[in-house]
1. Tell me yes or no: at least one residue of segment 42-63 is at pLDDT 95 or above, small (Gly, Ala, Ser) and under 17 Å from Asn86 (Cβ atoms).
2. Ile85 fails exactly one of the following numbered conditions: (1) within 26 Å of Leu113 (Cβ to Cβ); (2) touching a residue at least 60 places away in the same chain (Cβ under 8 Å); (3) of a type in the set (A, V, I, L, M). What is the number of that condition?
3. Determine which member of the set Gln93, Gln58, Gln89, Gln53 is open to solvent by 100 Å² or more (accessible area, probe 1.4 Å) and either in contact with a helix residue (DSSP H, G or I) (Cβ under 9 Å, 6 or more places away or on another chain) or within 16 Å of the ligand (Cβ to nearest atom) (or both).
4. Hey, can you tell me all the residues within segment 13-41 that are in contact with a Ser or Thr (Cβ under 8 Å, 6 or more places away or on another chain) and more than 14 Å from His101 (Cβ to Cβ)?
5. What about Ala77, is it closer than 13 Å to His101 by Cβ, hydrophobic (A, V, I, L, M, F, W, C) and open to solvent by less than 60 Å² (accessible area, probe 1.4 Å)?
6. Given the criteria surrounded by fewer than 12 Cβ atoms within 10 Å (Cβ to Cβ) and away from the ligand (no atom under 14 Å from the Cβ), does Gln33 qualify?
7. Filter segment 1-30 down to residues that are under 18 Å from Leu83 (Cβ atoms) and within 13 Å of the ligand (Cβ to nearest atom) and give me whichever is surrounded by the fewest Cβ atoms within 10 Å (Cβ to Cβ).
Amino acid sequence: MATIFSKIINKEIPSDMVYQDEYVTAFRDIEPQAPVHILIVPNKEIPTVNDIQEDDEQLVGKMFTAARKIAADEGVAADGYRLLINCNQHGGQEVFHLHMHLFGGRPLGPMLLNR
Ligand code: AMP
């Protein structure tokens, strides 16, 4: 179940970490797709959105609170930004540790490129 994100959370491998508390960790995406591209990850290993349980509701809320703080810290809150979670194959998920992408720093265009 453990992925590379657990190693980042535990600081076993380096990352450009921008936020960490007892619930969530956030670090810059290694292949940024926008001037600001940060991944917000629960410290608990939850593979996908499909695996979120009722007991995780507070934790999922912490991901959004962290997103709000990070957007402010990165200076993108007023102009706006996009939060995105991919799930499984059709969603394009590559790392099976739940994570929210925060994109910002430029107009992001249409939500889906290929309709
Ligand atoms: P997803 O397709 O939603 O699963 O996104 C996975 C994201 O993790 C991609 O945007 C990758 O660039 C990013 N990623 C993979 N490995 C690392 C890493 N070691 N540090 C930072 N970002 C990573």
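1. No: zero hits.
2. Unmet for Ile85, out of (1) within 26 Å of Leu113 (Cβ to Cβ); (2) touching a residue at least 60 places away in the same chain (Cβ under 8 Å); (3) of a type in the set (A, V, I, L, M): (2).
3. Gln89
4. Scanning segment 13-41 gives Met17, Tyr19.
5. It is false that Ala77 is closer than 13 Å to His101 by Cβ, hydrophobic (A, V, I, L, M, F, W, C) and open to solvent by less than 60 Å² (accessible area, probe 1.4 Å).
6. no
7. Arg28
The values are calculated or read from the model by the stated rules, or taken from the named source; none is laboratory data. Note that the structure is predicted; figures quoted are calculated from it, not measured. Note that each Cβ is placed from the backbone with ideal geometry, even for glycine, and that neighbours are counted across all protein chains shown. Quick note on the areas: whole protein, heavy atoms, side chains included, nothing else; ligands and nucleic acids left out. Shrake-Rupley method; radii C 1.70, N 1.55, O 1.52, S 1.80 Å.
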